[in-house]
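Chemist: Below is the structure I would like to discuss, written out as structure tokens.
The values are calculated or read from the model by the stated rules, or taken from the named source; none is laboratory data. If you're wondering where the values come from, they're calculated on a predicted model, not measured in any experiment. Glycine also receives a Cβ, built like all others from the backbone with ideal geometry; neighbour counts cover every protein chain displayed.
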Amino acid sequence: MSIPFDHGGNVFAVARSLGVSPEDILDFSASINPLGPAPGVKEALLSTFDRVMHYPDNDADDLKLALATFHGVDPAHIAVANGSTELIYLIPRLVAGRRGLIIAPPFSEYAKSLLRAGWEIDYLELRPEEGFSLSLAELERRLGEGYDVLFLCNPGNPTGRLFPQGNVAEIVDLCRSRGPFLVLDEAFMDFCEGESAKRLVVGGGEGVVLRSMTKFFAVPGLRIGYAMAHESVIGRIAALREPWSVNTVAQVAGLASLADRDYMERTIRYVAGERDFLAAGLAAFAGLKPYPSAVNYILVEIRTGLSAAELKRALLKERILIRDCANFHGLSERFFRVAVRTREENERLLAALTGRLI
Ligand SMILES: Cc1ncc(COP(=O)(O)O)c(C=O)c1O
């Protein structure tokens with residue numbers, strides 16, 4: 001089974017196909033902080049220019065220390081990577097096994113990384129009509145079928161659903177007793193940090209929390225992610241990683257981002273306000289059902305005859321790009337996802353939706 005490259009945020013290819021520049025596209029398909037990078041990041045990048053003639057710090061020690069301080073864990077519990085995607089692709093080498101269970105609808109790279117390594121995959125599908133809730137009893141039953149890895153994304157992408165820390169604690173316990181290595185993808189957890197299960201996972205056992213600086217800190221082009229786990233797992237990750245995979249500029253941008261607490265607080269407040277505004281605007285269309293979200297994107301179900309692909313094509317005429325979710329395992333052609341952007345941009349989306357058969 002092969003899964004093609006199909007993600008949100010592919011503005012370069014979309015702009016090429018429309019014959020416009022990427023800046024002309026209003027991109028709701030990638031879920032990036034609408035405030036942009038922290039104000040100090042640009043200056044930090046420019047002032048780092050002279051360091052590009054050296055190899056990067058292979059261990060990213062300064063960034064690792066800043067992350068450890070931020071999360072209140074020991075630096076030995078952290079490994080920095082070239083986006084969390086580098087870590088996802090490391091999993092089949094980190095874990096001895098051949099069968100993975102993926103909670104769906106999932107980020108498609110989980111399946112691709114396992115399939116590329118010759119693993120078998122299965123899905124446990126969370127259903128829209130049940131609000132994408134996860135039954136622990138069902139998970140326990142499925143784990144009884146014998147899996148070596150379990151992938152869970154919290155908050156879920158594309159669902160936006162947050163499983164509270166108490167629920168995740170039960171899943172961590174289940175994995176410890178049943179055996180599968182738990183990959184807990186918290187790429188969007190910065191929006192609700194208090195619910196992170198990082199402390200449960202770094203405390204011991206076979207599992208890892210994956211984090212990304214791409215989304216909250218708005219630096220997808222730089223590629224910064226990291227793992228948090230028990231130091232024995234981090235040691236194995238460090239041994240498997242490609243050398244110098246996190247470049248100097250990315251490391252400095254990560255440091256500058258973490259230094260700005262005010263920007264982080266502003267982001268959380270701003271996104272929460274705009275999420276409410278956008279969700280209410282979407283819910284006002286009789287043919288749309290937005291799902292509750294804890295993060296900076298909203299999953300929407302179309303309840304008319306229109307498909308998400310048709311809606312995407314119609315909106316592209318106004319150079320607005322949404323994420324058609326038909327290729328997420330467990331979702332139909334009726335689902336799309338939109339990022340929470342600035343007030344003016346959110347209004348533009350809502351205006352563009354008006355009169356589009358919904
Ligand atoms: C749920 C989830 N995990 C991981 C990633 C990968 O992020 P990164 O840019 O850190 O590689 C993404 C990117 O879209 C994602 O949505």
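Chemist: Which of the residues belonging to region 27-36 are away from the ligand (no atom under 16 Å from the Cβ) and touching a Leu at 6+ places or on another chain (Cβ under 7 Å)?
Modeler: The answer is none; no residue qualifies.
Chemist: Going through region 313-333 one residue at a time, which ones are free of Cβ contacts under 8 Å to residues at least 60 places away in the same chain, closer than 16 Å to LEU126 by Cα and of a type outside the set (Ser, Thr, Tyr)?
Modeler: Once the filter is applied, which keeps residues that are free of Cβ contacts under 8 Å to residues at least 60 places away in the same chain, closer than 16 Å to LEU126 by Cα and of a type outside the set (Ser, Thr, Tyr), region 313-333 yields only ALA326.
Chemist: Suppose the filter is more than 16 Å from the ligand (Cβ to nearest atom) and within 24 Å of ARG269 (Cα to Cα); does PRO39 pass it?
Modeler: yes
Rundown of residues vs (1) surrounded by 21 or more Cβ atoms within 10 Å (Cβ to Cβ); (2) basic (Lys, Arg); (3) in contact with a helix residue (DSSP H, G or I) (Cβ under 6 Å, 6 or more places away or on another chain); (4) in a helix (DSSP H, G or I), yes/no style:
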site: GLU43; (1), (2), (3), (4): no, no, no, yes
site: ASP50; (1), (2), (3), (4): no, no, no, yes
site: ALA68; (1), (2), (3), (4): no, no, yes, yes
site: SER84; (1), (2), (3), (4): yes, no, no, yes
site: ILE102; (1), (2), (3), (4): yes, no, yes, no
site: LEU134; (1), (2), (3), (4): no, no, no, no
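Yes/no matrix, rows are residues, columns are (1) modelled with pLDDT of 95 or more; (2) outside any helix (DSSP H, G or I); (3) in contact with a strand residue (DSSP E or B) (Cβ under 6 Å, 6 or more places away or on another chain):
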site	(1), (2), (3)
PHE163	yes, yes, no
ALA169	yes, no, no
LEU174	yes, no, no
SER177	no, no, no
GLU193	yes, no, no
ARG199	yes, no, no
GLY205	no, yes, no
VAL209	yes, yes, yes
THR214	yes, yes, no
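Chemist: Sort through GLU109, GLU170, GLU120 and tell me the only one that's within 15 Å of the ligand (Cβ to nearest atom), without any contact (Cβ under 8 Å) to a residue 40 or more places away in the chain and over 30 Å from ARG266 (Cα atoms).
Modeler: Result: GLU109 is the single residue among GLU109, GLU170, GLU120 that is within 15 Å of the ligand (Cβ to nearest atom), without any contact (Cβ under 8 Å) to a residue 40 or more places away in the chain and over 30 Å from ARG266 (Cα atoms).
Chemist: Does region 303-345 hold any residues that are more than 21 Å from SER108 (Cα to Cα) and crowded, with 22+ Cβ neighbours inside 10 Å, and which are they?
Modeler: Passing the criteria: LEU311, VAL340, ARG341.
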